[in-house]
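The block underneath contains the structure these notes are about, expressed in structure tokens.
The values are calculated or read from the model by the stated rules, or taken from the named source; none is laboratory data. All figures in this text were calculated on a predicted structure; none of them were measured in a lab. Quick reminder, even Gly has a Cβ in these numbers, built from the backbone with ideal geometry, and neighbours come from all protein chains shown. Just so you know, the surface numbers come from the protein's heavy atoms only, side chains and all, with ligands and any DNA or RNA stripped out. Shrake-Rupley method; radii C 1.70, N 1.55, O 1.52, S 1.80 Å.
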Amino acid sequence: MRDRAFRLAPAVADAFPDTLIALVTATGLRGREPWPHTATALEELEQQLADGTWRPADETDPRIEAWHGAYRAFGTNPRRIRPSVDALGRRLAKKGTLPRINPAVDSYNAVSVRHGLPAGAFDLDRVTGDVDIRYAHGAEPFTPLGEPDAVENPKPGEIIYADTTGVLTRHWNHRDAHRTRVTEDSTHVTFVLETLHTTRDGDLLKLAADELQSLLAPHAARTAVHHLCPDRSRATV
């Protein structure tokens, strides 16, 4: 198991200088045992929504509005192709429930929607080389989650997560790749939480990362949190 670097490209850092990304890495993850704290977190959110005491952030919220602005800046219509936290919150508001995928994915979904921050995850055993958050050239291959036989390409100038094989996430955080999806059998995973406004929401992001780590820790051999920002544009996990 080799270390992998996550890098924030200078051009992305220049365009979004208040970016902060938390990388929560779990090693020795046990995805086939019960995760009662995650189950409770999901149920509490759904109950709060049903009671009317809480609602997920929508596109009028500054946290979501910032991502809509970023998407428009790199040429993506955010009402057609929504940031992940926006899509997840809309789904919860409409259906009253969050999806149950597997405990690791359910954990980051709960943290994401609770705090209004985009989240994702990569099975590091399926990542090739290091990971760059950069502008797409347009020729990189991407196989969308749930569509293992499909291959598409990002638009040139779209912000992506990419390794040496291809795209891991399109439109910054809209959709993850099938290849690096997290399953019950994933044992070495990096989870990602993001904000574009560190000055306003940096403490919120760090709180969310701590919350996610606390959900993961009982079911992992070890966990760690690293941060990426324009001044610290490389982290090894």
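Rounded to two decimals, the Cα radius of gyration of the chain over 2.2 N^0.38 Å is 0.94. Considering every Cα-Cα pair within the range 1-57, what fraction, in whole percent, is farther apart than 16 Å? Tail of the P(r) past 16 Å holds 70 percent of the pairs.
Run through all the Cα pairs of the range 85-171 and give the fraction in each 5 Å bin from 0, expressed as whole percent. With a bin width of 5 Å, the distribution comes to 3, 13, 20, 20, 20, 16, 8, 1.
Compared with the direct C-alpha span, the chain from Asp18 to Asp149 gains 43.4 nm at full extension, assuming 0.36 nm per residue. Counting Lys and Arg as +1 and Asp and Glu as -1 over every other residue whose Cβ lies under 11 Å from the Cβ of Ala5, the net charge comes to 0.
Hydrodynamic radius of the range 137-208 by the Kirkwood approach over all distinct alpha-carbon pairs: 13.7 Å. What is the list of residues in the range 77-106 whose amide nitrogen lies under 19 Å from a point 7 angstrom out from the Cα of Ala39, following Cα to Cβ? Answer for this model: 97-106. Calculate what fraction, in whole %, of the accessible area of the range 105-237 sits on carbon and sulfur atoms when a 1.4 Å probe is rolled over the protein chains. Carbon-and-sulfur percentage of accessible area, whole number: 48. Using a probe of 1.4 angstrom and keeping all protein chains present, the accessible surface of the chain works out to 44 square angstrom per residue.
Cross-link partners of Lys94 among aspartates and glutamates, defined as those whose alpha carbon lies under 15 angstrom from its own and excluding same-chain residues fewer than eight positions apart: Glu46, Asp51, Asp58, Glu59, Asp86. Calculated on the Cα set of the range 1-104, radius of gyration then Dmax: 17.2, 47 Å. If you sort the three axes of the alpha carbon gyration tensor as a ≥ b ≥ c, you get a/c of 1.5 or more for the range 168-232 and a/b no higher than b/c, which makes it oblate. When you count the other C-beta atoms within 10 angstrom of each residue and take the mean per peptide, 177-185, 5-13 line up highest first as 177-185, 5-13.
Is the range 116-237 best put as rounded, prolate or oblate by its Cα gyration tensor, with a ≥ b ≥ c the root eigenvalues, rounded for a/c under 1.5, and otherwise prolate when a/b is larger than b/c, oblate when not? Oblate shape, in that a/c is at least 1.5 and b/c is the bigger or equal ratio. Full extension of the chain between Gln48 and Ala5 gives 11.6 nm of extra length, using 0.36 nm per residue less the Cα-Cα distance. Local charge for Arg200 was computed over the other residues whose Cβ lies under 14 Å away, with Lys and Arg +1 and Asp and Glu -1, and equals -4.
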